[in-house]
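The values are calculated or read from the model by the stated rules, or taken from the named source; none is laboratory data. Since the model is a prediction, treat every value here as computed from it, not as a measurement. Note that each Cβ is placed from the backbone with ideal geometry, even for glycine, and that neighbours are counted across all protein chains shown. Note: areas computed on protein heavy atoms with side chains; ligands, DNA, RNA excluded. Shrake-Rupley method; radii C 1.70, N 1.55, O 1.52, S 1.80 Å.
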Amino acid sequence: MPIPKVDKIWMDGRLVDWDQAQVHLLTHSLHYGSGVFEGVRAYETPRGPAVFRLVDHLERLFRSASVYKMEIPFSLEVLVEATKLVIKANGLKSCYIRPIAFRGYGEMGLNPMGAPVNVAIAVWPWGAYLGEEGIKHGVRAKISSFRRNDSNAIPTAAKACGQYLNSILAKMEAVEAGYDEAILLNMQGHVADGAGENIFVVRNGKLYTPPTSSGALEGITRDSVMRIAEDLGIPCFERDLLRTDLYLADEAFFTGTAAEVVPIREVDDRFIGEPGPITRRIQEKFFSIVKGLEKDYEHWLEYVE
Ligand code: PPE
């Protein structure tokens, strides 16, 4: 999907025109994937646009950077204000937000410590990641022949640019085989996560999701869903899952900032079914929270104005 162009991007401390937001060809992270990034969303609420769990996302950005010994040359508070500024500057009511900190132009070679660190925050309107139909009726997923990269090879606790080559291989394979999304098993054969989402299954009224030790990213939507489930009185457990736990699930769904909450209708051509009651309840609560309609979850919203 082509990126819808807006006016401004925040880059290293100032707003620049969309077309001027450029980097040098010899940018370190273009060659080695040595950047870290976030995906965040802002939603339209009765009080104007609000960013969902912005501080939690930026804290994860700083944690990702620390794994790679990258010093982000801005404070978290500055990045919070920069995010609000760039949303306002583009007059957006809702959008996807992509903060990125990356090793820039200056030095080549595998020791990145001499390369400068650049930081940018781009925003653009991004609709349903796995399609409107997917959110309503569920998506078809395929277990990838590619395994989730082991966290002793590339730490899965960090959200780093280069590690997405792993997800890209899985995504291409799934899409070319006619599926909507890929699910990756880890090296031990347990379910880790989707190409760009965490995964949950429902069995006998209880929710299960792989622990982060599986190689799943510590997703912020995952954390939100675990909290929502607790508040709704739905038991939720972190547990290693086998592929048959997906095949035999009563319900299953993906969670992610881009994807939001998306039911899974099929895994490897085993029919799970139309979105079930627990998936629906969690989906409804999630969308109502992000749209600012739930008093009890106001602390998750960072109002732009
Ligand atoms: N696992 C992976 C591998 C992943 O990339 C994401 C987010 C998640 C789980 C869910 O994490 P969270 O967004 O904190 O709930 N993927 C981001 C990038 C997607 C993309 O295509 O780019 C996102 O959803 O923004």
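Quick notes on this one:
- The charge dipole of region 132-290, taken about its Cα centre with unit charges on the Cβ atoms of Lys, Arg (+1), Asp and Glu (-1) only, comes to about 200 debye.
- Within the accessible area of region 259-301 (1.4 Å probe), percent carbon and sulfur: 49
- Mean residue ellipticity (222 nm) of the chain, computed from DSSP H runs ≥ 4 via -39,500 (n - 2.57), nearest 500: -8000 deg cm²/dmol
- Remark: the chain carries a charge dipole of roughly 80 debye about the Cα centre, counting +1 on each Lys and Arg Cβ and -1 on each Asp and Glu Cβ.
- Nearby lysines by direct alpha-carbon distance to Lys285 (threshold 28 angstrom, same-chain neighbours under 8 apart not counted): Lys84, Lys88, Lys93, Lys136, Lys142, Lys159, Lys206, Lys295
- With contacts taken as Cα pairs under 8 Å and at least 6 residues apart, region 169-305 reaches a relative contact order of 19 percent.
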